[in-house]
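Shown next, in structure tokens, is the structure this report addresses.
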Amino acid sequence: MKAGLASSVVVIAVVYIIIGGLVFRAIEETNDIEQRSEIQSTLRTFFNQSDDGLLRLDEVKKILPTIRKSYEYGVDVNEAIAGSNSSSSSSTSSFSNWDLYSSTFFAVTVVTTIGYGNSALKTDFGRIFCLFYALAGVPLCMLALVVVGQQEKRFIYFVARKMAFGFRENEQRMHLFTTLLVSVGGSVVFVYLSAVVFMKCEEWNYGEAIYFCLITLLTIGFGDYVAGWSKSTNGVWYRILIAVWILFGLSWCSIVISVCQDLYNDLIERTSKMAGTVGSIIESSVKSKVESISKHSADSSMSLEKVSSSSQ
């Protein structure tokens, strides 16, 4: 694919993601703020009614659905109960799970098929829009990742040829060297070093950070660990870098698949040539053996004829 066309595909994909984030925000944000405000108000009213701090069982059963709903909308129950003054109440209720970054990040998880599940659409219109958005967005994103991967692959082959002084002309060894370079080098950058960053920023242990990196880049996306979702600990630029890391990490995965395919094709080609050479050797050997046997049989027949004629 030509460089100009490749750049256009990537730009279109990025614009598509941003537009998707804006649309998801416009659809979901108002409903999200209203629901959060209602949950906080219900929790405050309920717990303020209990002066002695004791709750009856029937009261607990009534409030359980609201507490479950508070988890779905990311409402901190303790903050909702403690926020009795008007300033804290207005600040907490005006917060939204569908700000610009969160909506754009959600669009990224849709088109990359990661789908963490920590954030879900609540309105019917948002769900319908998401279906059509994914139908066009998933293939567009896959194409953009392949395009980026092809450009990165060319650069990696260029670097590999500069580094591989001893076997530049041997294509099989070049493919093997490139596969190792991409696999090991990419793993160091996108998994092991990235895990160190996530471990520091998210306060995870190293095993949890490695787990998050692999689950994300394999597009499994369970949602039990999601980087950048705690809005109080890290800034917006950190969360933007996470989205960039996801996109480049997925393109790296496409490169790994591509170079492994090149290595496999080269191995099949060399095996076919070797099998053809061995087959030719066997065929010529069998042919010479058959000719030798035929010649020996002819000589034996002539000898028998001579013996028979002399005896007569």
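Restricting the range 101-115 to residues that are open to solvent by 20 Å² or more (accessible area, probe 1.4 Å) and closer than 10 Å to Ala243 by Cβ leaves a set whose member that is modelled with the lowest pLDDT is Tyr101. Got a sec? Which of Asn205, Asn170, Asn118 is among the polar types (S, T, N, Q), at pLDDT below 85, surrounded by fewer than 19 Cβ atoms within 10 Å (Cβ to Cβ) and over 30 Å from Glu269 (Cβ atoms)? Sole residue among the options that is among the polar types (S, T, N, Q), at pLDDT below 85, surrounded by fewer than 19 Cβ atoms within 10 Å (Cβ to Cβ) and over 30 Å from Glu269 (Cβ atoms): Asn118.
Has the range 193-202 got at least one residue that is charged (D, E, K, R) and open to solvent by 50 Å² or more (accessible area, probe 1.4 Å)?
Scanning the range 193-202 turns up at least one residue that is charged (D, E, K, R) and open to solvent by 50 Å² or more (accessible area, probe 1.4 Å).
Looking at this structure, is Leu263 in contact with a Leu (Cβ under 7 Å, 6 or more places away or on another chain) and assigned to a helix (DSSP H, G or I)? Spell out the reasoning first.
Details: in contact with a Leu (Cβ under 7 Å, 6 or more places away or on another chain): yes; assigned to a helix (DSSP H, G or I): yes.
Criteria met by Leu263.
Annotation note: of Leu214, Leu180, the sole residue that is open to solvent by 20 Å² or more (accessible area, probe 1.4 Å), in a helix (DSSP H, G or I) and at pLDDT below 90 is Leu180. Does the range 233-243 contain at least one residue that is touching a residue at least 40 places away in the same chain (Cβ under 8 Å), open to solvent by 30 Å² or more (accessible area, probe 1.4 Å), out of contact with any Pro (no Cβ under 7 Å at 6 or more places or on another chain) and not basic (Lys, Arg)? Scanning the range 233-243, I find at least one residue that is touching a residue at least 40 places away in the same chain (Cβ under 8 Å), open to solvent by 30 Å² or more (accessible area, probe 1.4 Å), out of contact with any Pro (no Cβ under 7 Å at 6 or more places or on another chain) and not basic (Lys, Arg), so the answer is yes.
Evaluate the range 196-219: report whether one residue or more is among the polar types (S, T, N, Q), out of contact with any Cys (no Cβ under 7 Å at 6 or more places or on another chain) and within 25 Å of Glu72 (Cα to Cα). Before the answer, list the steps.
Just the residues of the range 196-219 that are among the polar types (S, T, N, Q), to begin with: 205, 216, 219.
From what's left, out of contact with any Cys (no Cβ under 7 Å at 6 or more places or on another chain): 205, 216, 219.
Filter again for within 25 Å of Glu72 (Cα to Cα), leaving 216, 219.
For the range 196-219, residues among the polar types (S, T, N, Q), out of contact with any Cys (no Cβ under 7 Å at 6 or more places or on another chain) and within 25 Å of Glu72 (Cα to Cα): present.
Taking the criterion of being open to solvent by less than 30 Å² (accessible area, probe 1.4 Å) and more than 19 Å from Ser258 (Cα to Cα), the residues of the range 124-156 that qualify are Gly126, Cys130, Tyr133, Ala134, Gly137.
The values are calculated or read from the model by the stated rules, or taken from the named source; none is laboratory data. Since the model is a prediction, treat every value here as computed from it, not as a measurement. Counting neighbours? That spans all protein chains shown, and the Cβs are built from the backbone with ideal geometry, glycine included. When the accessible area is computed, the model is the full protein with side chains, heavy atoms only, and any ligands, DNA or RNA have been set aside. Shrake-Rupley method; radii C 1.70, N 1.55, O 1.52, S 1.80 Å.
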